[in-house]
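Below: one structure, written as C-alpha cells.
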Amino acid sequence: MKYYFISDVHLGVSGCDRRALESRFTALLDSLASDRETAGVFLLGDIFDFWYEYRYVIPRGHTRALGALARLTDSGIPVWFCPGNHDVWAYSYFESELGIKVVREPYVTELAGRRFCLGHGDGLGRADRGFRFIRWMFHNRFLQILFSSLHPRWAFGLGYAWASHSRKIKSDPERSSRYYFRGKDEPLYRFADSFGRDCRIDYYIFGHYHTPGSVDIPSGGRMYVLGCWADGGEYAVFDGERLEIISALRPSGT
C-alpha cells in the first residue's frame, strides 16, 4: 500500500500555463484513484496559489482539480490537507464538500510502523517578530471576518496580488538565499531536531521553500523538502518500506 505526499502545486499561479499545471495535478490524482495500491494522500499546503472560503461562494477556477479530489475521496481513499501560507483560509468546504480531512502542522501520524511528522513548513521553527506578526494576522479570526466582508472580486484580486508578490520575492536572485533550503542553517531543521528529541520520528516531509532537499536529523529520522510544481516539482511516495521522491513532470502511470 502506498501513501503519497504532495505540496506547492500553486494552482492558479501567474507566469506559467495554468491549465497545463492543473492537468498534471488532476492526472496524478486520477491515476491514484484508480490504483488499488493507493492507501492515502497527504496534501501539504499551497495546493492553491490563493484560496479563501466564503460561506456561499465557491472560488472561480480549479474545477477539474476539485473534481479530481472529490473522485479520489469518493473512491474510498482518505485524503488529508494541511494548509500552507497561500491556502491557510480553508474552513469547512474541504471536509463537507470534498471529504478531505483538514489538519494543522506539525501533524504526526504512523504509517506501516513508521512515524511521520508532516506540515507545510512555513510556521515551524521561525521566531522573527515580523513573520510572527504576519502569521498572527492571517490566523486572527476577527481579521478573517473583516476580510470576508469584502466582495470576492476585490478579495481575490488582493489575494492573487499578494501571492504574485510573494513569488517574485522568492525568484529574485538577490534575495533567493532567504528562501533556499539551507540544511543545518534552516529554522525548519532546528525545529525537527528539537521535536525529535521528545517524539520519535522516522520521516519529516514539508514544502514551502520551493527548493527540494533532504537531510538527516541528529535526533533521528530524515527530513525531505518538496519543490514547487510551477518549477517542475516532485512528490513523495512511501510504500511501507522506503520513501521515494518522484518528479511531478513524469507522466502518471510510468
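The values are calculated or read from the model by the stated rules, or taken from the named source; none is laboratory data. None of the values given here were measured: they were computed from a predicted structure. Here the Cβ positions follow ideal geometry from the backbone for every residue, glycine too, while neighbour counts run over all protein chains shown. SASA here: full protein model, heavy atoms, side chains in, ligands and nucleic acids out. Shrake-Rupley method; radii C 1.70, N 1.55, O 1.52, S 1.80 Å.
When every Cα-Cα distance of segment 1-147 is counted in 5 angstrom steps from zero, the calculated P(r) takes the values 2, 9, 17, 21, 21, 15, 9, 5, 1, 0 percent. DSSP finds beta bridges in the chain, and of those with both partners inside it, around 45 percent are antiparallel.
Quote the convex hull volume per residue of segment 1-78, based on C-alpha atoms, as a whole number of Å³. Could the numbers behind the result be given before it?
On the way: hull volume 7.2 nm³, N = 78.
With only Cα atoms used, segment 1-78 gives 92 Å³ per residue.
Of all the accessible heavy-atom surface of the chain, with the other protein chains kept in place and a 1.4 Å probe, what percent is carbon and sulfur? Roughly 52 percent, rounded to a whole number.
Normalized C-alpha radius of gyration of segment 61-125, against 2.2 N^0.38 Å?
So the Cα radius of gyration is 1.22 times the expected 2.2 N^0.38 Å.
Accessible surface computed residue by residue for segment 1-40, with neighbouring protein chains in place and a 1.4 Å probe, gives 43 Å² per residue. When only Cα pairs below 8 angstrom with a gap of at least 6 residues are kept, segment 1-122 shows a relative contact order of 26 percent. Computed on the chain, the Cα convex hull volume stands at 127 Å³ per residue. Springs join every pair of Cα atoms under 10 Å in this Gaussian network model of the chain, and among 149, 214, 31 the largest mean-square fluctuation is at 149. Counting only DSSP H runs of at least 4 residues, each contributing -39500 (n - 2.57), and dividing by the residue count of the chain, the helix-based mean residue ellipticity at 222 nm comes to -10000 deg cm²/dmol. Taking amide H positions as modeled 1.01 Å from N, with prolines and chain starts lacking one, the residues under 5 Å from residue 81 and 5 or more places away or on another chain are 43, 101, 102, 103.
Once C-alpha pairs closer than 8 Å and six or more residues apart are averaged by separation and normalised to the residue number of the chain, the relative contact order reads 23 percent. Each Lys and Arg Cβ is given +1 and each Asp and Glu Cβ -1; about its Cα centre, the chain then shows a dipole of about 600 debye. With Cα atoms defining each centre, segment 89-112 and segment 39-78 are spaced 11 Å apart in the structure.
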